[in-house]
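Below is one structure, written out as structure tokens; comments come after it.
Just so you know, all these numbers are worked out from the coordinates, no wet-lab data involved. The model shown is predicted, which means the values in this text are computed figures rather than measured ones. As a convention, Cβ positions derive from the backbone with ideal geometry for all residues, glycine included, and neighbour counts pool all protein chains shown.
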Amino acid sequence: RAKSAGGNRYEVADAEADARAITRHGLTTALPAALDRGEFFIEYQPLVHLGDGTVHGAEALVRWLHPQHGVLGPDRFIPLAERTGLIVPLGRWVLEQSVRQACAWQERNGGTAVKPLRVNVNLSPCQLTHPGLVQDTVDILERAGLEPEALCLEVTESALIGADDSLLKPLRRLAEMGVDIALDDFGTGYSNLANLRRLPVSVLKLDRSFTQSMQRFPADPVDLKIVDGIVSLAHSLNLTVTVEGVETGAQAEQLRILGCDTAQGWYYARPGPPDRLHELALVDATG
Ligand code: C2E
Ligand code: MG
Ligand code: MG
Ligand code: MG
């Protein structure tokens, strides 16, 4: 194709695409063994109350310490794990680790003024359709001895678009048990706002694109109105609003004024090891 046109650039592009495909293939075949070998680890990113800056909990974000490629972010391997079905055991592993970690935070906090820390775990659409989801979650919570109220499961808006009852049923069961369900990356899909009523969610996580538009000062008045409207609607439906991707104090202040409840982003902390979260929470409690 491009070669006959003397397009060197295209040849380079082709070579890069080939290299990416080879890496993808290699990563895909290495995934199952990686889980057995314990190459995955979890970083935790604090979720902070916008009102007073105290730590509310953390989101669990999985990484892969690949023996050749170093640390890989979830965008590199979650789609592959979804395609091969490995996401079910991997997701269960992430859930179990995170629930145990939340228990460990709570135990270390015993006797201090720190509020019980909560943990957020991402669920992939394949996990939603997997019949074991509810029982696995119940078992994991029971084994660890964590109250369901300390767990929040994040499901993306796109996973729930057009979701029928069979998909919503397990989420409803979990919500009835006391587990929070968050609608992740809200605003990137095309869900109908009225549709929110039907979903068993208690938290809206506003996508980072909204936060980015708060970076300019003054922010675009239309963006402000949109966020203001979403927050009002969410609150009128008794949903909590979390914002992702807060990178500056100005964004945090703007989002606080707009009534958002909790926030997450580099301005507060990057994702990091579990002990750091405990330290951050302790600093809060002792002033
Ligand atoms: P997400 O759930 O929307 O997670 C937030 C992402 O934004 C994380 O990327 C986090 O590191 C990043 N982030 C946080 N604060 C900031 C900020 O201030 N600025 C910027 N630019 N980015 C920020 P990460 O860790 O690469 O994760 C990407 C996605 O991978 C997650 O998006 C989530 O959808 C997925 N993911 C992560 N862990 C898991 C998991 O255990 N299971 C499943 N199914 N998906 C996961
Ligand atoms: Mg998330
Ligand atoms: Mg998100
Ligand atoms: Mg996001």
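For segment 64-195, take the alpha-carbon Rg, divide it by the Kirkwood Rh, and send me Rg/Rh.
In segment 64-195, Rg relative to Rh is 0.99.
Can you pull the one-decimal nm distance between simple spin-label points at K115 and E176, each 7 Å off the Cα toward Cβ?
2.8
Assigning unit charges at the beta carbon (Lys, Arg +1; Asp, Glu -1) and nothing else, what dipole magnitude in debye, to the nearest 20, does segment 90-183 show about its Cα centre? Let's see the in-between values first.
Working: 9 positive and 13 negative charges, 50 e Å.
Here segment 90-183 has a charge dipole of around 240 debye.
For segment 135-217, what does the alpha-carbon gyration tensor say about shape, rounded, prolate or oblate, given a ≥ b ≥ c as the root eigenvalues, a/c under 1.5 as rounded, and a/b over b/c as prolate? Walk me through the intermediate numbers first.
Details: a/c = 2.96, a/b = 1.56, b/c = 1.90.
Verdict is oblate for segment 135-217.
Taking amide H atoms as placed 1.01 Å from N in the peptide plane, list the residues 5 or more away in sequence, or in a different chain, whose amide H sits under 5 Å from that of H56.
L47, V48, H49
Can you list the HN-Hα couplings for segment 139-156, worked out from phi with the Karplus curve (6.51, -1.76, 1.60; θ = phi - 60°), rounded to whole Hz and with x for Gly and Pro?
Taking θ as phi minus 60°, the curve returns 4, 5, 5, 5, 4, 7, x, 9, 6, x, 5, 8, 10, 10, 9, 9, 10, 6 Hz for segment 139-156.
What fraction of the Cα pairs in segment 46-125, stated in percent, has a spacing above 15 angstrom? Before the final figure, lay out each step's value.
Values: 2049 of 3160 pairs.
Taking all Cα-Cα pairs of segment 46-125, the fraction more than 15 Å apart is 65 percent.
Which far-off residues, 5 or more places away or on another chain, put their amide H under 5 Å from the one on G272, with H placed in the peptide plane?
Y44, Q45
Using the per-residue mean of other Cβ atoms lying within 10 Å as a proxy for protection, in what order, highest first, do the peptides 133-142, 14-23 fall?
133-142, 14-23
Go through segment 11-19 residue by residue and turn each phi into a ³J(HN,Hα) via Karplus (6.51, -1.76, 1.60, θ = phi - 60°); whole Hz please, and just put x for glycine and proline.
5, 4, 4, 4, 4, 5, 4, 4, 4
Could you tell me the relative contact order of the chain? Use alpha-carbon pairs under 8 Å, at least six residues apart, and round to a whole percent.
Working: 423 pairs, mean separation 53.0, N = 287.
Relative contact order of the chain: 18 percent.
State, in angstrom, two size descriptors of segment 220-276 derived from its alpha carbons: Rg to one decimal place and Dmax to the nearest whole number.
12.8, 41
Calculate the radius of gyration of the Cα atoms of segment 176-247 to one decimal place, then report Dmax, the largest Cα-Cα distance, as a whole number, both in Å.
Computed over the Cα atoms of segment 176-247, radius of gyration and Dmax are 12.7, 43 Å.
Go ahead and run the numbers for FRET between T248 and R108, Cβ-Cβ distance against an R0 of 25 Å, rounding to 0.05.
Efficiency at R0 = 25 Å is approximately 0.20.
Quick one: Kirkwood hydrodynamic radius for the chain, alpha-carbon pairs, angstrom, one decimal?
Taking the inverse mean of 1/r over all distinct Cα pairs, the chain comes out at 20.5 Å.
What are the ³J(HN,Hα) values, in whole Hz, obtained from phi via the Karplus relation 6.51 cos²θ - 1.76 cosθ + 1.60 with θ = phi - 60°, for each residue of segment 129-138 in sequence order, with x given for Gly and Pro?
8, 6, x, x, 4, 5, 5, 4, 5, 4
Quickly work out the Q68-to-N238 label distance, labels modelled 7 Å from Cα along the C-beta direction, and quote it in nm with one decimal.
My value for the distance between the label points is 5.3 nm.
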